[in-house]
Amino acid sequence: MIIFGSRYYFWTTNRGTFPCPKCQAIEPYRHRKGRRFIHVFYIPLIPISALTEHIKCGGCRTRFKTSVLTQSTMA
Ligand SMILES: [Zn+2]
């Protein structure tokens with residue numbers, strides 16, 4: 001039985017819609033941030049990595065860099 005280890009924990013910081021490059025359509029997104037934590041019984045205790053963030057498409061569930069929100073829709 002594994003009672004401790006490390007894993008990424010993500011949380012949603014923002015929501016909206018964006019032109020998904022993969023769906024080729026306007027889709028809802030979640031702006032998510034996360035860090036890798038040491039966990040004990042799956043309770044995150046100690047952060048062991050830098051903050052990372054991504055944009056997750058609600059349509060295809062692909063993760064994109066946050067710069068996808070500022071790219072031109074004309075691309
Ligand atoms: Zn998509």
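Has the range 64-74 got at least one residue that is without any contact (Cβ under 8 Å) to a residue 24 or more places away in the chain, part of a strand (DSSP E or B) and not polar (S, T, N, Q)?
no
For the range 37-56, which positions are over 17 Å from the mean Cα position of the chain (by Cα) and charged (D, E, K, R)?
Those that are over 17 Å from the mean Cα position of the chain (by Cα) and charged (D, E, K, R): none in the range 37-56.
Considering only the range 35-53, I want to know if a residue exists there that is assigned to a strand (DSSP E or B), at pLDDT 95 or above, touching a helix residue (DSSP H, G or I) at 6+ places or on another chain (Cβ under 9 Å) and within 16 Å of the ligand (Cβ to nearest atom).
no
Search the range 14-29 for residues that are within 12 Å of residue 56 (Cβ to Cβ) and pair each with any residue that is more than 8 Å from the ligand (Cβ to nearest atom) and outside any strand (DSSP E or B) when their beta-carbon atoms are under 7 Å apart and the residues are at least 6 apart or on different chains.
What qualifies is 18/68; 18/69.
Restricting to the range 17-32, and then to whatever is touching a Phe, Trp or Tyr at 6+ places or on another chain (Cβ under 6 Å) and of a type outside the set (Ser, Thr, Tyr), can you tell me which residue is surrounded by the fewest Cβ atoms within 10 Å (Cβ to Cβ)?
So the residue we want is 32.
The values are calculated or read from the model by the stated rules, or taken from the named source; none is laboratory data. Here the structure is a predicted model, which is why all the values come from computation and not from measurement. Neighbour counts run over all protein chains shown; Cβ positions are idealised from the backbone, glycine included.
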